[in-house]
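Written out below as C-alpha cells is the structure these notes cover.
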Amino acid sequence: MLPIGLLGQNILAAMANWPRAETNLPKMIRGSKDVSDTIADPISHTLEMVVEKCGDPTSLVYKRLFTQYPELEPLFMLDKDDSAKGNMLSQILECFLDFSGNRHYAANLISCERINHENIGVPHETFDTFFTTIIDTFKDVLGDDWTPQIDKAWVTLITDLSISIDEKT
C-alpha cells in the first residue's frame, strides 16, 4: 500500500470526525475491517478508495487541471512544495463531504472562493470545472471500482452543489 501523505491523512481525519460518521459512513471508515455492509455514503467511500489506491491525489488532479487549462499553472509558480495545491484540494474535498451531509458551509465557502478566484483572473466557468477535474481524476484512479452508484452520487453532488453556489453568487 502506498503512503497516504498529508492530504490523505487530512481527508481521513475529516471523515472520521464528521458529525455523521457514526451513522452514515461505511464501517471501514469507522475503524472496522468488515466492509461487506452496504455503502451508505458513496462520496466518503470514494475518497477512502482513492487514498488507498494512490495516496495523496493532489499531483494527479493538478496535472489534469494544467493539461486542460495551461494558463492556470503560472498562478502556482510560488507553490514549490505543492502545499497550496494540497490545501485547496483538501478544502474542496471537505466541502464535498459537508455538502453530501449536513450542508453547514460548503456552498457559502465555494461561492466566496469563486469570487476570490475571479479576482485573480480565473473565470467562474473555469473555476467550476475543477469539480469535474477532480471527479475525472478519481474515475481514472479507481478504474473498474468506479461504480454506477458512485457515479450517480458524484453527479448528484456536483449538480446540487453547483445550483446552490449559483444561487449565492
For this session: Name, by its number, the condition in (1) of a type in the set (S, T, N, Q); (2) at pLDDT 95 or above; (3) in contact with a Leu (Cβ under 8 Å, 6 or more places away or on another chain) that does not hold for SER44.
Result: (2)
Exercise. Give me the pairs: first residue in the stretch 143-154 and over 9 Å from THR46 (Cβ atoms), second residue of a type in the set (Asp, Glu) and in a helix (DSSP H, G or I), beta-carbon distance under 6 Å, and six or more apart or on different chains, which are they?
Worked result: none
For this session: Those residues that are basic (Lys, Arg) and in contact with a Phe, Trp or Tyr (Cβ under 6 Å, 6 or more places away or on another chain), I need them from the stretch 101-126; list them, please.
Result: ARG114
Exercise. For the stretch 146-169, what are the residues that are over 25 Å from ASN102 (Cβ atoms) and surrounded by 15 or more Cβ atoms within 10 Å (Cβ to Cβ)?
Worked result: TRP146
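The values are calculated or read from the model by the stated rules, or taken from the named source; none is laboratory data. On a predicted model such as this, the values are computed, not experimentally measured, just so you know. No Cβ is skipped: glycine too gets one built from the backbone with ideal geometry, and neighbour counts run over all protein chains shown.
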